[in-house]
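Here's the structure, in structure tokens; my notes come after.
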Amino acid sequence: MSAVAYGLDGPFQTYPDCTKPPLSDIKVCDRTLPEAERAAALVAALTDEEKLQNLVSKAPGAPRIGLPAYNWWSEALHGVAHAPGTQFRDGPGDFNSSTSFPMPLLMAAAFDDELIEAVGDVIGTEARAFGNAGWSGLDYWTPNVNPFRDPRWGRGSETPGEDVVRLKRYAASMIRGLEGRSSSSSSCSFGSGGEPPRVISTCKHYAGNDFEDWNGTTRHDFDAVISAQDLAEYYLAPFQQCARDSRVGSVMCAYNAVNGVPSCANSYLMNTILRGHWNWTEHDNYVTSDCEAVLDVSAHHHYADTNAEGTGLCFEAGMDTSCEYEGSSDIPGASAGGFLTWPAVDRALTRLYRSLVRVGYFDGPESPHASLGWADVNRPEAQELALRAAVEGIVLLKNDNDTLPLPLPDDVVVTADGGRRRVAMIGFWADAPDKLFGGYSGAPPFARSPASAARQLGWNVTVAGGPVLEGDSDEEEDTWTAPAVEAAADADYIVYFGGLDTSAAGETKDRMTIGWPAAQLALISELARLGKPVVVVQMGDQLDDTPLFELDGVGAVLWANWPGQDGGTAVVRLLSGAESPAGRLPVTQYPANYTDAVPLTDMTLRPSATNPGRTYRWYPTPVRPFGFGLHYTTFRAEFGPHPFFPGAGKGDGDGEDKGESKSEIRTQQQQQQQQQQRRAAAAATTPIRDLLRDCDKTYPDTCPLPPLTVRVTNEGERASDYVVLAFVSGEYGPAPYPIKTLVSYARARGLKGKGGDGDGDGDGATTTVSLDWTVGNLARHDERGNTILYPGTYTLTLDEPAQASVQFALEGEPVVLDEWPAPPSANSTARGRHR
């Protein structure tokens, strides 16, 4: 879907008034009744015509009984955003802006669940404030939890990345924050116990939606052919977290088909898996279509003969509302033609209005969240959090000869002769604040570019622009090189701000290539010839940075994605050393020729004759691997003792090198693999049944294991955060075997370095980090999609590149933790009503 952005002069959403008849005469206004009974009373009060009219996102309500219109389409991907159901005041006044955080991919790079929950809390608070004032609804279509499977996908930065564990934990943290549930709460269910949810959040796009428009196929007609193994293990795993474990308020079904059946008409996805297998029925939670997806069923997937038939198929299969710009489904025709039954209509409306009852839509000032207003938007602590999120997520990919940090302002901006050191800031987003924001953005309270932030710190800055995708044609005039070289000629340092903006990738637009634009590489090379320190700060999705890593004139590379309203400040603080980078890549950086090796439409993950493998679990030769990130200091990490490996405590790696080249990194990885084989701790053996004996969880894959402990020491000079990553590998379960799989992570904050910011005798700070994990983190999926814990030898490795490893063994018979429902047979997924 693509949201519509425009400003208004005043609020446009209204609340029902339960103090006045005729609405007050309906039991939906009786706050003493159960929410299901209240919703059912409202649905019973509607006429048949009114029922059909309110099955769309732009629901007209029922003026006859005092039910106002309600627009279900509100957005809040990384802050309250423009959408048909959410608007901003045009001009000065209240509700003319909202806090704009970095894109989810950059926030995910922080590997900090506490941060994500805090961000969700701010967004949820501001979202409810907008809703209370009539500038939005109370349901928001976020988060996007589709795995970032292929680097060409235009919407990948809307997601938390390519790894299932990262996706799940991001989703859980964001949902808790948005809906206002404390992470310490014993209840993880939407609206169960205690205070009702602040807003309704929506996990999207269910399922297999990681594709826009490629080589003549679009998301509207694409059939994602996915094996049961890949479906259970990867594509549906984040939604399992949303529905089964986090009990999210709603789910959005996708445009594409899955194994021949359009997602929004797919009873296997919506009923068998979502509501049946995952028991997502506690509050009659609802499913919305993606916008215009209902029409796709007949018009593009050709799964139904008519729009009326396709519309009926969707509602009967478990969808509850059709998102539409103006009108694209045929609900009246579906009802008249017998494709849409009245029990399905009543079921859908009950689910929808029960959600609004639960969130306090009918309770007016009696709702516990009714007091939230403009004073709760753009608060100082929210602005500080937006800056922190950008700082924590930015990843240092190269730092030869300690190019970064640039000398601190009070040390170097003033030279020996009293002049100020000059910093040339070159590139398309060096001084372009509007470039800081990715897709699904709102109206930020401010936007601070890198050049603006540097000027505020007193830096002597010269600025020149640069190309994005320009220069691909020989006929296009180069208007950028000469001004850039002129701006950099007298500079002491050159910082190039390049990469990609939203013109290169986004909704409806996938990339065809993942290499750097030729004109930008040529400009960087020209700047490097000046013989000054050059730093490249990359915007957007991952590019193959090999040319930058191999270019001696480029000393450092930072990846900043789309860093949000204070992204310029975040970058400058990292450049100066006021902050230290500790982000890790939440995706794999692939070589440019990867796009020639596998079609974007190939959904398989494991390597084959036609697929080199996808994600870090299956692709062996990345430019920079998932989890990679350098620091301004050196850390040493090692596993502590654990019931699985009581003799642990010695690291097998040689610590972290701060500025390795690509070849050095690969050599180090090979050496560490050899060290792991020679020096891995003696494997303790644990019976599989012992891991499950005392667990009373409904779902065995969620049974906790004893936490891993990791001892981390800062052996360098600078204070810094450090992200602990623990991976598992081994030849157990079905072949082929993953290279490795993330099982847990945590972020240690503010570890002091030696000397001035160290402790006592000058030693760097040491801390012990606890990593939570579950039985499911060790499991594999068989070809039928079953989640199984297998016997075998397991190797745990620490960090990327690995610093330490330990081994342990599980013995006994394999145990099925989750039996995956068999998909319908090919005959039962035939076109239409399976005639």
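Assorted remarks:
- Taken together, VAL413, VAL423 contain a single residue that is more than 30 Å from PRO104 (Cβ to Cβ), surrounded by 18 or more Cβ atoms within 10 Å (Cβ to Cβ) and at pLDDT below 95, which is VAL413.
- Reported count of residues in the range 610-634, each being assigned to a loop (DSSP other than H, G, I, E, B), closer than 23 Å to ALA228 by Cβ and modelled with pLDDT of 95 or more, is 4.
- Options GLU158, GLU75, GLU126: the member that is touching a Gly at 6+ places or on another chain (Cβ under 7 Å) and among the acidic types (Asp, Glu): GLU158
- Put simply, of LEU42, LEU77 the only residue that is in a helix (DSSP H, G or I), crowded, with 19+ Cβ neighbours inside 10 Å and not charged (D, E, K, R) is LEU42.
- Number of the condition not met by THR281 [criteria: (1) buried (at least 20 other Cβ atoms within 10 Å of the Cβ); (2) in contact with a helix residue (DSSP H, G or I) (Cβ under 7 Å, 6 or more places away or on another chain); (3) closer than 30 Å to GLU35 by Cα]: (1)
- Residue within the range 239-246 that is at pLDDT 95 or above, in a loop (DSSP other than H, G, I, E, B) and over 21 Å from the mean Cα position of the chain (by Cα) present: no
- Residue count for the range 421-453, restricted to those that are closer than 21 Å to PRO380 by Cα and either assigned to a strand (DSSP E or B) or not basic (Lys, Arg) (or both): 14.
- At least 2 residues being charged (D, E, K, R) and either modelled with pLDDT of 95 or more or under 22 Å from GLU813 (Cβ atoms) (or both) is the threshold, and among the strands (runs of 3 or more DSSP E) wholly inside the range 694-756 those reaching it are 741-751.
- Residues located in the range 110-136, provided they are touching a strand residue (DSSP E or B) at 6+ places or on another chain (Cβ under 6 Å) and on the phi < 0 side of the Ramachandran plot: ASP112, ALA127, SER136
- Lone qualifier among THR569, THR595, THR604 - being assigned to a loop (DSSP other than H, G, I, E, B) and either under 17 Å from SER452 (Cα atoms) or not assigned by TED's automatic domain parsing to the domain that holds SER441 (or both): THR604
- Set HIS283, HIS301: member being in contact with a Pro (Cβ under 6 Å, 6 or more places away or on another chain) and in a loop (DSSP other than H, G, I, E, B): HIS301
- The range 609-629 residues that are without any contact (Cβ under 8 Å) to a residue 40 or more places away in the chain and not assigned by TED's automatic domain parsing to the domain that holds THR797, paired with ones that are outside any loop (DSSP other than H, G, I, E, B) and among the small types (Gly, Ala, Ser) (beta carbon under 9 Å, 6 or more apart): THR610/ALA597; ASN611/ALA597; PRO612/ALA597
- Filtering GLU49, GLU35 for residues that are buried (at least 19 other Cβ atoms within 10 Å of the Cβ) and among the charged types (D, E, K, R) leaves a single hit, GLU35.
- Test: ALA110 is touching a residue at least 12 places away in the same chain (Cβ under 8 Å) and surrounded by fewer than 24 Cβ atoms within 10 Å (Cβ to Cβ): no
- Counting only residues that are surrounded by 22 or more Cβ atoms within 10 Å (Cβ to Cβ), within 23 Å of the chain's Cα centre (by Cα) and aliphatic (A, V, I, L, M), the range 485-513 holds 2 of them.
- Residue check, PRO102 in a loop (DSSP other than H, G, I, E, B) and within 30 Å of VAL587 (Cβ to Cβ): yes
- Checked against (1) over 28 Å from the mean Cα position of the chain (by Cα); (2) under 23 Å from SER449 (Cβ atoms); (3) of a type outside the set (Val, Ile, Thr), PHE362 passes all but condition (2).
- All helices (runs of 4 or more DSSP H) inside the range 462-555 with 1 or more residues being touching a residue at least 40 places away in the same chain (Cβ under 8 Å) and among the charged types (D, E, K, R): 518-528, 546-550
- Note on the range 547-595: residues that are over 20 Å from TYR632 (Cβ atoms) and of a type in the set (D, E, K, R) total 3.
For every residue, the table says whether it meets (1) touching a residue at least 24 places away in the same chain (Cβ under 8 Å); (2) part of a loop (DSSP other than H, G, I, E, B); (3) not aliphatic (A, V, I, L, M).
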position	(1), (2), (3)
ASP346	yes, no, yes
SER355	yes, no, yes
GLY360	yes, yes, yes
PRO365	no, no, yes
LEU372	yes, yes, no
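The values are calculated or read from the model by the stated rules, or taken from the named source; none is laboratory data. Remember, it's a predicted structure, so these values are computed and weren't measured experimentally. Note that we place each Cβ from the backbone using ideal geometry, even for glycine, and neighbour counts take in every protein chain shown.
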